[in-house]
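Novice: Let me begin by handing over the structure; questions about it come next.
The values are calculated or read from the model by the stated rules, or taken from the named source; none is laboratory data. Only a predicted model underlies this, so the values are computations on that prediction, with no experimental measurement involved. No Cβ is skipped: glycine too gets one built from the backbone with ideal geometry, and neighbour counts run over all protein chains shown. Accessible surface is based on the protein model in full, side chains and every heavy atom, while ligands, DNA and RNA are left aside. Shrake-Rupley method; radii C 1.70, N 1.55, O 1.52, S 1.80 Å.
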Amino acid sequence: YLGHPKNAVESSRLIYLEVMHMISFPQCFAVVSRKASMSTVDNMLIYDGECPYCSLAAKALERIDTVGALSWYDSAAQQFLDAQFDTTPFAMFLVDIEEKQVYAGRSAAEELAKRAGTPHLVSSLVRDNYTQIAEVVGLASGRGREPDNVHSVYRLTSEAELVYDPLVTSSQHQSAVP
């Protein structure tokens, strides 16, 4: 594939191919994290657990020892979001406990693409077309609701940091279920 996609559908196809590559060749997919150890989950992804595309991407990420993933619908995710935002915005979130950052929406998608080592084209497509891609994925998955308008990088609050460990524990229990 050469050139820029002409629309959100083409962008979604390109990103889908990248996700399939991550699943097929997890050894090529590495999330960069300072101070990462094999027993520590330094990054948590909160995603739409009812979206099959999002769930596939989350499963690919869970193959990395330092990354956990948890459905937005899980009570631990709800507790974390409420502690971070004083509400539970519906969006994708990447929590980096070492950097004490919470990436939301467009920022989370772009950060994941960058950390995955995907070509710059993919991360820029994610950033520039996030809204349209989210709409296409929502339609394809039958989501029935739009993500909330949160797309920034936020400093991890002390309240949210206190409930990070239960978030990790829940993700480990969720991934243990077949």
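Novice: Give me the extension gain from L139 to T169: residue separation times 0.36 nm, minus the current Cα-Cα distance, reported in nm with one decimal.
Specialist: Here the segment from L139 to T169 would lengthen by 7.7 nm.
Novice: Taking only protein heavy atoms and a 1.4 Å probe, what accessible area per residue, in Å², does the stretch 36-178 have with all protein chains in place?
Specialist: With all protein chains present, the stretch 36-178 gives 46 Å² per residue.
Novice: Using Cα centres only, tell me the gap between the stretch 101-118 and the stretch 134-156 in whole Å.
Specialist: Result: 14 Å between the Cα centres.
Novice: Out of all DSSP beta bridges with both ends in the stretch 35-150, state the antiparallel percent to the nearest 5.
Specialist: Within the stretch 35-150, antiparallel bridges account for around 60 percent of the total.
Novice: Given points 7 Å out from each Cα along the Cα-Cβ axis, report the R63 to V153 separation in nanometres with one decimal.
Specialist: Modelled inter-label distance: 2.7 nm.
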